[in-house]
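The block underneath contains the structure these notes are about, expressed in structure tokens.
The values are calculated or read from the model by the stated rules, or taken from the named source; none is laboratory data. As the structure is a prediction and not an experimental result, all values here were calculated from the model. For neighbour counting, all protein chains shown are included, and Cβ atoms are generated from backbone atoms with ideal geometry for every residue, glycine included.
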Amino acid sequence: MNRRDVIRSADSLVRREQYLHQRFILPHLGISVWNSAALDMAASYVGLAHAESEALLEETVQKVLLHAHNSASSGYSHPVLINAIRYYQSVVTEKLGSIDIVPQRRVLVSDAQRLAEAWTSSGASSFWSQSLERNHGAGLKYVERLVQPLGLDLGTGTFSKLESRGVKRIGKMSPLTPTDLSEFVTLRGRAMHTSTDSFQFKVKNIRPIEIRQSTMRGTAVIGRMVRTVGTKLW
């Protein structure tokens, strides 16, 4: 996968949401009272849109890290890999104290081979693989953990904490509206982790068009994030 493919995947997510809307929500936009069929369709729409958004962001992080490691192996000290490995060092320090298991940033910048070797030998690669496996959503706290340590400032005001842990800013998004993701994730929780009766109770005052708007905004945020990774971090 190259930079263009990453950017295209962001566009594909937007198109996918449009398809899911047409398939699951559009036929029920005119209802005034939820019925069982409409509830099933709404839950399917929200659940699929969330799952595909989460999966795309995780895959994008995997791919940019793989690209960064391949670049280091070819002689270029990729700044994303440097950020990822120095962030890993900060986590180790936090847990075990002042134990240096990866070279200093200045060494990583000047010696791509040592960067590539340290990525696998220090445990940084395994750490990031486990972080991606343990990710459980597309909420704000999860996406911050996935992309900000790579150097993408999401504009949420929390990036300074990463800078104190050795992460350098590579790209920055326009400020996110946390509500866009929180509404999306809340809907997903209601749709996927409750019974039909409970879901009906929780959405009875929410119109189908509002469910669509919240889901569309949430997927759009993830799409912009993926696009920014492709344009700024690749």
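A few remarks follow.
- Any chance H21 is more than 20 Å from L140 (Cα to Cα) and in contact with a helix residue (DSSP H, G or I) (Cβ under 8 Å, 6 or more places away or on another chain): yes
- Within the range 192-228, the set of residues being in contact with a Lys or Arg (Cβ under 9 Å, 6 or more places away or on another chain) and either part of a helix (DSSP H, G or I) or touching a residue at least 60 places away in the same chain (Cβ under 8 Å) (or both) comprises S198, F199, K202, V203, T215, G218, T219, T228.
- Taking residues in the range 134-145 that are over 14 Å from V221 (Cα atoms), and partners anywhere that are assigned to a helix (DSSP H, G or I) and of a type in the set (S, T, N, Q), the pairs with Cβ atoms closer than 8 Å and at least 6 places apart or on different chains are R145/S131.
- Sole exception among (1) more than 30 Å from A124 (Cα to Cα); (2) out of contact with any Leu (no Cβ under 8 Å at 6 or more places or on another chain) for L66, by number: (1)
- The range 140-191: number of residues that are surrounded by fewer than 20 Cβ atoms within 10 Å (Cβ to Cβ), small (G, A, S) and not in a helix (DSSP H, G or I): 6
- Taking the numbered list (1) buried (at least 19 other Cβ atoms within 10 Å of the Cβ); (2) part of a loop (DSSP other than H, G, I, E, B); (3) of a type in the set (G, A, S) in turn, G137 passes all entries but (1).
- Conditions (1) of a type in the set (A, V, I, L, M); (2) outside any helix (DSSP H, G or I); (3) over 15 Å from the mean Cα position of the chain (by Cα): number failed by A118: (2)
- Among the criteria (1) under 12 Å from the mean Cα position of the chain (by Cα); (2) among the hydroxyl-bearing types (S, T, Y); (3) farther than 21 Å from A10 by Cβ, the one S44 does not fulfil is (1).
- Qualifying position, being crowded, with 21+ Cβ neighbours inside 10 Å, at pLDDT 95 or above and of a type outside the set (S, T, N, Q), among L66, L26, L56: L56
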